[in-house]
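The values are calculated or read from the model by the stated rules, or taken from the named source; none is laboratory data. Predicted, not measured: the structure shown is a model, and the values here were computed from it. We place every Cβ from the backbone using ideal geometry, glycine too, and count neighbours over all the protein chains shown.
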Amino acid sequence: MKLSVMKSSTALAATLGLLAGPVFADMEAARAFLDETIERSALSREEQEAEMQFFVDAAQPFQGMDIKVVSETITTHEYEANVLAPAFTAITGINITHDLIGEGDVVEKLQTQMQSGENIYDAYINDSDLIGTHWRYKQARSLTDWMAGEGADVTNPGLDLNDFIGLDFTTSPDGELYQLPDQQFANLYWFRQDWFTDPELMAEFKEEYGYDLGVPLNWSAYEDIAEFFTGRTIDGVEVYGNMDYGKKDPSLGWRYTDAWMSMAGMGDVGEPNGLPVDEWGIRVNEQSQPVGSCMGRGGATNAPAAVYAVTKAIEWLEKYTPPAAAGMTFGEAGPVPAQGAIAQQMFWYTAFTADMVNDSAKAVLNEDGTPKWRMAPSPHGAYWKDGQKVGYQDVGSWTLMESTPVDRAKAAWLYAQFVTSKTVDVEKAHAGLTFIRESTINHDSFTERAPKLGGLVEFYRSPARVAWSPTGTNVPDYPKLAQLWWQNIGDAMSGAKTAQEALDSLCEEQEKVMERLERAGVQGDLGPVMNEEREPEYWLAQPGAPYPKLDNEDPQPETISYDELIKSWQ
């Protein structure tokens, strides 16, 4: 029998003997775990047992400790909490409580711990979007220092940092690693390949628009395709050409900070983030200190490209999207494409792949289990240029706070390494489909499963994956600034303000926060040093972002066939 993510933690604990009495670090429990749970691994059985022996030995001083960790609620973390946490407890004798809460709540708990110094959780899986915050405040432990110093005796010799694909996103400009990736998923384009390759629909599209129906390379083509499919009835279902969400809720902010503006072409050229102006529109100086967000200080949050980005999102939500979507949050909108009425979605997280391949997604699966849909890179907006950021990649990562006592941090670090270890990572990736290791991506089991995952494996095996990146280090205080986005964008979505008015307000509020940080001096030499204000025309005349308004924001539509696209990755 192989355990699934749905198997209860109580059942697993009983299997491993956890409920039989006092818990002690135990290789017999480790072997039972390997027998019951680990069908596929990047390591041989002998190597797995050697890795488990490390955890058994290193945990000896911490047996009986009660450790609390927290993450957002996604399938990968459910697998950790329900399957891996009880196994770790049985193997090490360290009692793990792995709480699953909303992403916004994770950030709030982390912010509270930073402000109060109270040890609320012993470790956090929080997005690497906070790298700029951790680097500047120095309230998160540098893992580089930790693994070489206080945490050396509890650092797995088989951790193999070089095998992780997301370390660039969790490393500060001075080369310090602050977070260890636990799961990654990209924001890609999703579409119904069966409809896009239907000869009748292809011929009708070609006749109406004068070019081939295919994966859109720019927003002009995306808009044509959205118009073509909306209102059409296919197989008895009324179809919509776009899917999105618009409720004034914290998740609306992620919709935009998670690189919607970069897809439009707002920021500067540069990877993993635009430099000196990033996808939040925040400009930094040569010392990586934030200097402005509004155009008057050289930022781009309220620049023409940003206004274009928000305006298009609202227009498509109103014209081509199910009416209920305007009142939906990120979590509510995520499952909708699997219901079978959506032709394409530009802003689609691969974290939803697991929900696209299960029994609830029969409307978008063939009888043999292969998908009727595919994923591909999202199209670019009118302001986008080669070398600019193309999209967002979420990297949920383990973070140890300085306020956590050393012994508790050590015990939590063992758990963090256990759930990201080579022993378990292939199985975890099959459960949640959020890749963090090269050895997992290239495992034979994913070669076999690839035809049923709609392009996910091909994307993560391609050079393209490195171009998708999280929020970078330009953002000096993610918790304070992120909450400004959903409140201001929400005003534009509701019609209370125009897109320009909302973005003017957003950049001004971002600058107020940065001015307070500058006055307080809490981030030392890394904190904001705001530029003097000038007329926006001065900055619009300079090279790079912010860019002047284009005469034509609707360039010639471009598409490519999915098969050609895949070939370009190989």
Hits in segment 103-115 - residues which are out of contact with any helix residue (DSSP H, G or I) (no Cβ under 6 Å at 6 or more places or on another chain) and more than 15 Å from Ala140 (Cβ to Cβ):
Glu103, Asp105, Glu108
Being closer than 14 Å to Tyr383 by Cα and touching a strand residue (DSSP E or B) at 6+ places or on another chain (Cβ under 8 Å) is the filter here; which residues of segment 292-317 pass it?
Ala300
For Ser378, work out the one condition from (1) farther than 30 Å from Ile94 by Cα; (2) of a type in the set (Gly, Ala, Ser); (3) surrounded by fewer than 24 Cβ atoms within 10 Å (Cβ to Cβ) it doesn't fulfil.
(3)
Please go through segment 280-323 and give me each residue that is under 27 Å from Val336 (Cβ atoms) and either of a type in the set (Phe, Trp, Tyr) or touching a Ser or Thr at 6+ places or on another chain (Cβ under 6 Å) (or both), ordered by number.
Tyr308, Trp316, Tyr320
Identity of the residue in segment 422-448, aliphatic (A, V, I, L, M) and in a helix (DSSP H, G or I), that ends up surrounded by the most Cβ atoms within 10 Å (Cβ to Cβ)
Val424
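Listed here are the residues, each with its yes/no results for (1) within 21 Å of Glu279 (Cβ to Cβ); (2) outside any helix (DSSP H, G or I).
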site: Gln510; (1), (2): yes, no
site: Arg519; (1), (2): no, no
site: Trp539; (1), (2): yes, no
site: Pro557; (1), (2): no, yes
site: Asp563; (1), (2): no, no
Which one of these is of a type in the set (Phe, Trp, Tyr) and either closer than 30 Å to Asp425 by Cα or without any contact (Cβ under 8 Å) to a residue 60 or more places away in the chain (or both): Phe205, Phe229?
Phe205
Enumeration of residues in segment 147-160 that are closer than 24 Å to Gln184 by Cα and assigned to a loop (DSSP other than H, G, I, E, B)
Thr155, Asn156, Pro157, Gly158, Leu159, Asp160
Taking segment 37-73 only, how many residues are assigned to a loop (DSSP other than H, G, I, E, B), closer than 30 Å to Gln111 by Cβ and in contact (Cβ under 8 Å) with a residue 40 or more places away in the chain?
1
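Residues are listed down the side, and each one gets a yes or a no for (1) in contact (Cβ under 8 Å) with a residue 60 or more places away in the chain; (2) within 24 Å of Glu564 (Cα to Cα):
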position	(1), (2)
Asp194	yes, yes
Gly210	no, yes
Gly214	yes, yes
Val237	yes, no
Trp260	yes, no
Gly267	yes, no
Trp280	yes, no
Could you list, in sequence order, the residues of segment 206-247 that are under 32 Å from the mean Cα position of the chain (by Cα) and part of a helix (DSSP H, G or I)?
Trp219, Ser220, Ala221, Tyr222, Glu223, Asp224, Ile225, Ala226, Glu227, Phe228, Phe229
Does segment 161-174 contain at least one residue that is surrounded by 15 or more Cβ atoms within 10 Å (Cβ to Cβ), modelled with pLDDT of 95 or more, among the acidic types (Asp, Glu) and outside any loop (DSSP other than H, G, I, E, B)?
yes
Residues of segment 490-533 being among the basic types (Lys, Arg) and under 21 Å from Ser288 (Cα atoms), in sequence order, are Lys512, Arg516, Arg519
Would a scan of segment 350-373 turn up a residue that is among the β-branched types (Val, Ile, Thr) and in contact with a strand residue (DSSP E or B) (Cβ under 6 Å, 6 or more places away or on another chain)?
yes
Within segment 368-395, of all residues that are more than 21 Å from Pro304 (Cβ to Cβ) and outside any strand (DSSP E or B), the one farthest from the chain's Cα centre (by Cα) is Asp368
Is there a residue being buried (at least 18 other Cβ atoms within 10 Å of the Cβ) and free of Cβ contacts under 8 Å to residues at least 24 places away in the same chain anywhere in segment 401-421?
no
Can you confirm whether segment 453-463 contains a residue that is of a type in the set (A, V, I, L, M, F, W, C), assigned to a loop (DSSP other than H, G, I, E, B), touching a Leu at 6+ places or on another chain (Cβ under 9 Å) and surrounded by 23 or more Cβ atoms within 10 Å (Cβ to Cβ)?
no
Could you count how many residues in segment 368-393 are in contact with an Asp or Glu (Cβ under 6 Å, 6 or more places away or on another chain) and not hydroxyl-bearing (Ser, Thr, Tyr)?
3
In the set Thr144, Thr112, Thr76, the lone residue that is assigned to a helix (DSSP H, G or I), hydroxyl-bearing (Ser, Thr, Tyr), without any contact (Cβ under 8 Å) to a residue 60 or more places away in the chain and in contact with a strand residue (DSSP E or B) (Cβ under 6 Å, 6 or more places away or on another chain) is Thr144
For residues that are more than 19 Å from Pro181 (Cα to Cα), assigned to a helix (DSSP H, G or I) and either within 22 Å of the chain's Cα centre (by Cα) or not polar (S, T, N, Q) (or both), tally how many sit in segment 84-97.
4
Filter segment 464-495 for residues that are over 17 Å from the mean Cα position of the chain (by Cα) and outside any helix (DSSP H, G or I); which is surrounded by the most Cβ atoms within 10 Å (Cβ to Cβ)?
Pro476
Note on segment 310-350: residues modelled with pLDDT of 95 or more, farther than 24 Å from Gln193 by Cα and outside any helix (DSSP H, G or I) are Met328
